Amino acid sequence: MTFFSVFDVPVFWPILLVYWCMLLFMTMKQQIKHMIKHKYVPISWGKKQYGKKGGMDAGSAPIKDSK
């Protein structure tokens, strides 16, 4: 289509920027809804701790001395 001068139209860049932001917002909104629906959290802060707080972890066993 670039071979024809009919399709050579000037483009106002702020309109393209607004259009791109609108598409990004709409797409991310759908993706975030999908992640929330399936309980997917892409970012977690800190290490997840299991077991009782302050006590021994459920998965660890005490080390015994072999004498």
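Taken together, the values in this text are just the output of simple stated rules run on the coordinates, not laboratory data. Being a predicted model, the structure only gives us computed values, none of them experimental. Every residue, glycine among them, receives a Cβ derived from its backbone with ideal geometry; neighbour counts consider all protein chains shown.
Quick one: if the Förster radius is 30 Å, what FRET efficiency do F7 and K29 give, using the C-beta to C-beta distance and rounding to 0.05?
Working: r = 32 Å, r/R0 = 1.08.
Rounded to the nearest 0.05, the efficiency is 0.40.
Which whole-Hz couplings ³J(HN,Hα) result when phi for each residue of the stretch 35-50 is put into the Karplus expression 6.51 cos²θ - 1.76 cosθ + 1.60, θ = phi - 60°, listed in order with x for Gly and Pro?
Result, ordered by residue: 5, 5, 4, 9, 6, 9, 10, x, 10, 10, 9, x, 8, 6, 10, 10 Hz.
Per residue of the stretch 25-34, what does 6.51 cos²θ - 1.76 cosθ + 1.60 with θ = phi - 60° give for ³J(HN,Hα)? Whole Hz please, x for Gly and Pro, Karplus curve as stated.
After applying 6.51 cos²θ - 1.76 cosθ + 1.60, I find 4, 5, 5, 5, 4, 5, 5, 5, 4, 5 Hz.
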